[in-house]
Amino acid sequence: MSAPERSARVLVIDDEESIRRALKSILSMRKYEVSLAGTGAEGMSLAIETNPELVILDLTLPDMDGLEVCRELRTWMSSPILILSVRGNESDKIRALDLGADDYLTKPFSAGELLARMRALLRRSESRVVQLPEIQAGELTVNLARRQVFLKGEVVSLTKTEFEILSLLVLNVNCVVTYRMLAERLWGDREDREPQLLRVHVSNLRKKIEPNPALPRFIRTEPGIGFRFTAE
Amino acid sequence: MFSLFLHPAVGRYYDEISRKERANLISRGKISLMMKIRQWAENRPFLFASGLVGAATVLFLPGRDLLGKGHWALLYLLVISVVASVAGSRPALVAAMVSFLTWNVFFLPPYNTFRVDDPKDWISLGVFLIVGVLIGLTSGRLREREALAVSQEREMALLNRLTGRLLAIQGPLEMAEVLCAEIEGVFSPRFIRFHLIESGGRRTLLFGMKAELEMDPLEEDFLEWVARNVKGVASPAADPSGANRPGGSGIPVPHSTLFPAVSRGDVFLPVLSSSGLEGILHVGERRNQVPFSWSEIQLLSAAAHMAGLFLERNRLEESARQAETLKEGDKLKSAIFSSVSHELKTPLSSLTATISGLLEGDLAWDPDHIRQELASVRKDLDRLAHSISSLLDLSRLAAEAWKPNLQWVEPGEVLGEVLFRLDRADRDRVRVELPKGLPLIQVDFQQWSRLLMHILENALAYSPPESRVVVGAGMSETKFETWITDEGPGIPEGEKEKVFTKFFRGSFSGLLPGGTGLGLTIALEIAKVHEGSVRIEDNVPRGTRVVILLPPAHVRETEER
C-alpha cells in the first residue's frame, strides 16, 4: 500500500477492543494520528478535543446508536465519516449516509480497502476547496472545467444530465454517491423518488464511457444505495 | 369451562347455505306445499285421517242426489287410499271406520241416522268396511315399505358421500364441517355441534352449525356424562316399522336415565376410534320436531364412528409426519455440526499453528518468510469468512427471511460486482460473454450476486487451476438464462440432483480444500425466491454447465435498440 499523501488526525469509535487495536496499528504505522474511543459518548468528547480530519464509526456501540453519534457529529463537524457495518444491513447504511456519513465499509474488510477509502475521503474533503480541473481513470479523461470527456483520446458526447451525473461521481472518486445525492444535484429535490430514472441515465452513460458497457468497470453499482466511480 | 372455538366465517357460510336451500324450496312452490301437508299429516296422522274424511263429506253432501249411493262409497274409498298413502295404515283404518259411519249416516237412507232400511245396503256396508280396511292396510304397508326404502337409500347415500368426502379432507376442522353439512342436509336439526376431546381429556367445540344457539343448562351435564361413560344419549321414537330396538352395550340410553323428569329430542353420540373417545357429536332435535327413529340414530352413530376413524388416522399421520421432520432435522443438525466443525476448525488450527510459530521467538525470521506466513494466514481468514457467511446465508434461509428486494438491473451490473469481488488470479480465469441488447432483469441485487458468486466459486474450485470458466447470458425463448461453464471433471449423472441438497459434496470434492457444501443449496434457494430455477448440464467437450433461469415476469426488454 502506498503511503498517504499526508498524515491526518483520525478518530476511531468502535466497541470492539480487537478492532480498535488492529486499526490503531494499521493507521499509526502509516503516520496517521489515531485517537480511540470505545463508546459513543467518549467518541463525541474526543471529537471535540482532537478535531479529527476523519472519523471511523462503528454502528453498534454499547451506550448509544451509532446513527445517533453520526447525526450529533454532523451538527458541527464537517470532516468525513466512514461507517463500519456488517453485511446485509442496507437500511442502516442508507440511514447513516442520509444522516451525513460519507461512505461505509462492510466487515470484515482488509487493510488495503480501508486505506483506499480513507485516502479517497481525505482527498475529497481537500478538493472541496481546490477543485481538480481534470481527472484521469484508465483510458477515460474527464475535464470538469471544460465539461469535456475523452475515451481513448476521443471526445465522448454526453447529454447535460449524463455529464452532471458523471461529474458528481468523478468528484467523489472511489466514494459512494447515493441516489439522493444524485437527485439533489440533478433536480434539486430531497424527496425519495424511485431510483429507476437515475438508473436509466447511468445505463446510457455507461454505454458511452465504459470500455465494455455490459460489464461496467468505472461506474459500479452499490446495490440499494447508489453508485461509486472507481479509478483504480 | 366450556370453550367456544368456532370460526365466525364458517358459521356465516352455513347460514347462507340453509338460506339458499330454503329459497330453492320456495321456488319449487308446489313441492313445498305438498311437503308441508305431508309433514303435517305425519305429525298428526289420526286428526288428518278424520279431518280429510270430514272435509270430503262436507264436499260430497250438496251433490248427494246427483249420484247413486254406491258411487259415493267409491269416492270414500278414494279418500281412504289417499290417507293410506300419505299417513300410513293405522290412520287409513281410522279413515275407513269414519267413512263407514259417515257414508251410513249421510248417504244411506234414511239420512242422518245410523239406521239402514234396505237389507241390500247392509251387504254394501259390510263390503265397504272390508274393502276400506284392506285398502288401508295394503297401501299403508306399501307406503311404509317405500318410506323405509327411501330412508335407507338416503342413509346409504349419506354414508357413501361422507366416506368419499372424508378421504379428501385435510384436518379435523374440515372433517367436522363436512360431517355437520351432511347431517344438516339429511335431518335438518336445529343445530349440530362437534366437540373434540383432546389427549388430556379437555373438551373443545371444534365446529358447530347454528352453534350460536345458546347451550341449555343441562347440555354440559349430558356432555360430561357421555365423555365419562362413552355412551350415547338419545330418546328415539319407537320405530314405526316395528324394527327391534338394537341391543348391546354401545347403544344410547334415554335422557331419562340421567334426569328422570327430562324429555328431550336431541342426540349425544360418542365419536369413537380404536384408541378411545375422540369427540362427541351433539345433534339438536329436528326443526319439525319429529323425533329421531332408532335407525336414524344408528345412522348418526355410523357417521360419528367414521369421524372417529378419520380423527385417529389424522392424528397418526400427523405424528408420523412430525417424527419424519424430527429425523430430518436431526440429520441436518448433525450434518451442520460436522460441516461447521470441519470448516471452522481446519482454518483455525492452521492459523494457530502459523501464528504461534511466528511468535515462538526462538528464530529470527526474515521479512520474506514472515510475509509468506502472513499470506497463508490471510488465506485461512478468507476461508473462515466465507464459511461464516455461508452459514449466515443458511440460517437466514432456514428462518425464511429471504424476501427479495426486487429492482430492475442490467445483467452485467450484477456480474461486474461479482467479478470485482473475486481474487485477481480467479478473475483472470473468467471469460464473460454478454451479447449486446440484453434485457433488464428484476432481481434482488445482493441475493442475485450471492447466487452467481456461489456458482462461480464452485466452477473455479472444481476445475483445474488455469482452466477457463465462461460466464454468459441471453434469452432462451421467454426466459432469461445465465450460464456458467467450467472445464472440470463434470458431475456424474446420478449426482446432478443431489448437488442441491445441503452439505452434499461431490465425489471429486474430497480432493479439494474448503467448501461447506452449502453453495448450490443457497444458490437454488435464491433462484426459487425469484421464481427461477437452476439446472445442471454437461458441458461440451468436458466439464459442467450450470444454467440459471429467470421467468418472463422478471425480464424486460430495453426500450432502446
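Readers should treat all values here as calculations from the given coordinates under stated rules, not as data from a laboratory. Quick caveat: nothing in here was measured; it's all calculated off a predicted structure. Here Cβ is always computed from backbone atoms with ideal geometry, including for glycine, and neighbour counts include all displayed protein chains.
The string of couplings for the range B:519-530 from the Karplus curve (6.51, -1.76, 1.60, θ = phi - 60°) is x, 6, 4, 4, 4, 5, 4, 5, 4, 5, 4, 8 Hz, one whole number per residue in order, with x for Gly and Pro.
With only Lys, Arg, Asp and Glu charged, each at its Cβ (+1 for the first two, -1 for the last two), find how big the charge dipole of the protein assembly as shown is about the Cα centre; round to the nearest 20 debye.
Working: 96 positive and 103 negative charges, 461 e Å.
Result for the protein assembly as shown is approximately 2220 debye, rounded to the nearest 20.
In a simple Cβ point-charge model (Lys, Arg +1; Asp, Glu -1; nothing else charged), the range B:386-501 has a dipole of about 200 debye relative to its Cα centre. The lysine pair tally for chain A, using Cα distances under 27 Å and a gap of 8 or more places or different chains, is 9. Against the main long axis of the alpha-carbon atoms of chain A, helix A:111-127 sits at an angle near 70°. Roughly speaking, what is the centre-to-centre gap between the range A:28-44 and the range B:435-496 when only Cα atoms are used, to the nearest Å? The range A:28-44 and the range B:435-496 have Cα centres spaced 44 Å from each other. Around the amide H of B:Gly232, modelled in the peptide plane, lie the amide H atoms of B:Val253, all under 5 Å away and 5 or more residues distant in sequence or on another chain. In terms of distances greater than 23 angstrom between alpha carbons, the cross-link table entries B:Lys403/B:Lys496; B:Lys496/B:Lys528; B:Lys36/B:Lys69; B:Lys436/B:Lys479 yield B:Lys403/B:Lys496; B:Lys36/B:Lys69. Along the range B:364-370 the Karplus relation, 6.51 cos²θ - 1.76 cosθ + 1.60 evaluated at θ = phi - 60°, assigns HN-Hα couplings of 8, 7, 7, x, 4, 5, 4 Hz to successive residues, with x for each Gly and Pro.
Determine the shape class of the range A:9-127: with a ≥ b ≥ c the square roots of the Cα gyration tensor eigenvalues, call it rounded for a/c under 1.5, and otherwise prolate if a/b is greater than b/c, oblate otherwise. Write down the numbers at each step before the final one.
On the way: a/c = 1.15, a/b = 1.11, b/c = 1.03.
Rounded shape, in that the Cα axes give a/c under 1.5.
Neighbours of B:Asp121, meaning other residues whose beta-carbon lies under 14 angstrom from its beta-carbon, give a summed charge of +1 when Lys and Arg score +1 and Asp and Glu score -1.
What nm value, rounded to one decimal, do you get for the distance between B:His342 and B:Leu78 when each label is placed 7 Å out toward the C-beta? It works out to 9.7 nm between the two label points.
Less than 5 angstrom separates the built amide H of A:Cys175 from those of A:Phe229, all sequence-distant by 5 or more or on a different chain. Fewest neighbouring Cβ atoms within 10 Å first, the residues A:Glu72, B:Glu324, A:Glu126 line up as B:Glu324, A:Glu126, A:Glu72.
Among A:Ile94, B:Ile455, B:Ile491, the ranking by other beta carbons within 10 Å of each residue's beta carbon, starting with the fewest, stands as A:Ile94, B:Ile491, B:Ile455.
Taking Lys and Arg as +1 and Asp and Glu as -1, the other residues whose beta-carbon sits under 12 Å from that of A:Arg20 total -4. Most mobile of A:Leu197, A:Leu61, A:Leu169 per a Gaussian network model of chain A (Cα springs, under 10 Å)? Looking only at A:Leu197, A:Leu61, A:Leu169, the biggest GNM fluctuation is shown by A:Leu197. For A:Leu105, the residues 5 or more places off, or on other chains, whose built amide H falls under 5 Å of its own are A:Ile83, A:Leu84, A:Ser85.
Under a Cβ-Cβ cut-off of 13 Å, what is the net charge of the residues other than B:Pro270 that fall near it, where Lys and Arg count +1 and Asp and Glu count -1? Let's see the in-between values first.
On the way: positive: B:Arg203, B:Arg228, B:Lys231; negative: B:Glu224, B:Glu278.
Around B:Pro270, the surrounding residues sum to +1.
Counting Lys and Arg as +1 and Asp and Glu as -1, each charge on the Cβ, what is the dipole of the range A:38-145 about the Cα centre in debye, to the nearest 20?
240
Remind me, relative contact order of the range A:21-128 in percent, using alpha carbon pairs under 8 angstrom and six or more residues apart? Taking the mean separation of contacting Cα pairs over the length of the range A:21-128, I get 22 percent. Placing unit charges on each Cβ (+1 for Lys and Arg, -1 for Asp and Glu) gives the range A:134-229 a dipole about its Cα centre, and among A:Asn212, A:Ile135, A:Gly188 the Cα reaching farthest toward its positive end belongs to A:Asn212. Which one, B:Ser263, B:Leu137, B:Ser273, is farthest towards the positive end of the dipole of the protein assembly as shown when Lys and Arg carry +1 and Asp and Glu -1 on their Cβ? So the residue furthest toward the plus end is B:Leu137. Sequentially through the range B:382-395, phi angles give Karplus couplings (6.51, -1.76, 1.60; θ = phi - 60°) of 4, 5, 4, 4, 5, 4, 5, 6, 5, 5, 5, 3, 5, 5 Hz, Gly and Pro residues having no value and appearing as x. Compactness of the protein assembly as shown is given as radius of gyration and Dmax, 45.0, 153 Å, from Cα positions.
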